[in-house]
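Structure first, then comments.
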Amino acid sequence: SQQGEEDPQALSIQEGENATMNCSYKTSINNLQWYRQNSGRGLVHLILIRSNEREKHSGRLRVTLDTSKKSSSLLITASRAADTASYFCATSTTSGTYKYIFGTGTRLKVLA
Amino acid sequence: GAVVSQHPSWVICKSGTSVKIECRSLDFQATTMFWYRQFPKQSLMLMATSNEGSKATYEQGVEKDKFLINHASLTLSTLTVTSAHPEDSSFYICSARRSGIGGEQFFGPGTRLTVL
């Protein structure tokens, strides 16, 4: 079953603009990860944020986590055409099974 | 970083045949591996959890007799799609969890299955 819902489903922006994607989930989590996937390719790990963390940065990426609202956001600053991809959040619940459940994904298109 | 491989990377088969996909953790031991399926323009759906030396745990709605999982060693899990049909055509991705407390998970590059 799908744990996370992502919003928006699709996003089209101009190069240089910022892109924000949101992920909402349903149950308590240990951590949440964001992945990128280019069309027809495998997953690229972006950032892991633990349940006791509120914000993490990695280069042009900024991830926030609000456990009270069961939501996370991924911000890509100064976007580039190469950022065009699908972005997924994945949550690891506190059930002890270690499995990750993926969100529905956001398809980002950055126009040059 | 840790590497997970999948073999084959793509496979085309005729309807009714069985296809085996391998998932290997190349430089770490993985007690637990996971199998996901992804249809075009959709997200990854967890199919099953593969535990070394024991039976796999399947997610609701996944036919265990159709998707056979074997995790015979700490570095290898296999997924066999039995009597494949065109609707089984999909991108199959595995992940491997490094053994031990707080073990990280790493994803394989995926296997694209096309059933004619």
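The values are calculated or read from the model by the stated rules, or taken from the named source; none is laboratory data. It should be emphasised that the depicted structure is a prediction, and the values quoted were computed from it without experimental measurement. Heads up, the Cβs are rebuilt from the backbone with ideal geometry, glycines too, and the neighbour counts pull from every protein chain shown. Remember, those area values only see protein heavy atoms, side chains included, never the ligands or the DNA or RNA. Shrake-Rupley method; radii C 1.70, N 1.55, O 1.52, S 1.80 Å.
Remarks
- Scanning region B:13-20 for residues that are touching a residue at least 40 places away in the same chain (Cβ under 8 Å) and within 10 Å of the chain's Cα centre (by Cα) turns up at least one hit.
- The one condition from (1) touching a strand residue (DSSP E or B) at 6+ places or on another chain (Cβ under 7 Å); (2) charged (D, E, K, R); (3) exposed (fewer than 15 other Cβ atoms within 10 Å of the Cβ) that A:ASP83 does not meet is (3).
- Where B:HIS71 falls short, out of the listed (1) part of a strand (DSSP E or B); (2) closer than 26 Å to A:TRP34 by Cβ; (3) not small (Gly, Ala, Ser): (2)
- Number of residues in region A:80-112 that are more than 14 Å from chain B (Cβ to nearest Cβ), in a loop (DSSP other than H, G, I, E, B) and in contact with a Lys or Arg (Cβ under 8 Å, 6 or more places away or on another chain): the value is 1.
- Residue list for region A:67-94, restricted to those being within 24 Å of B:MET47 (Cα to Cα) and in contact (Cβ under 8 Å) with a residue 60 or more places away in the chain: A:TYR87, A:PHE88, A:CYS89, A:ALA90, A:THR91, A:SER92, A:THR93, A:THR94
- Scanning region B:28-38 for residues that are facing another protein chain (nearest Cβ under 9 Å) and farther than 15 Å from A:ALA90 by Cα yields a total of 1.
- The single condition from (1) assigned to a strand (DSSP E or B); (2) under 30 Å from B:SER89 (Cβ atoms) that A:GLY40 fails is (1).
- Test for A:SER39: is it out of contact with any strand residue (DSSP E or B) (no Cβ under 7 Å at 6 or more places or on another chain) and polar (S, T, N, Q): yes
- Condition broken by A:HIS45, with the remaining ones in (1) farther than 23 Å from B:ILE93 by Cα; (2) surrounded by fewer than 18 Cβ atoms within 10 Å (Cβ to Cβ); (3) free of Cβ contacts under 8 Å to residues at least 40 places away in the same chain satisfied: (1)
- Scanning region A:11-37 for residues that are modelled with pLDDT under 95 and loosely packed, with under 15 Cβ neighbours inside 10 Å yields A:LYS26, A:THR27, A:SER28.
- Residue within region B:95-102 that is at pLDDT below 95, touching a Phe, Trp or Tyr at 6+ places or on another chain (Cβ under 6 Å) and open to solvent by 50 Å² or more (accessible area, probe 1.4 Å) present: yes
- Qualifying residues in region B:39-55 (those that are among the small types (Gly, Ala, Ser) and within 27 Å of A:GLN37 (Cα to Cα)) - the one nearest to the other protein chains (Cβ to nearest Cβ): B:SER43
- Region B:78-116 - residue that is more than 11 Å from chain A (Cβ to nearest Cβ) and of a type in the set (D, E, K, R) and, of those, farthest from B:TYR36 (Cα to Cα): B:GLU87
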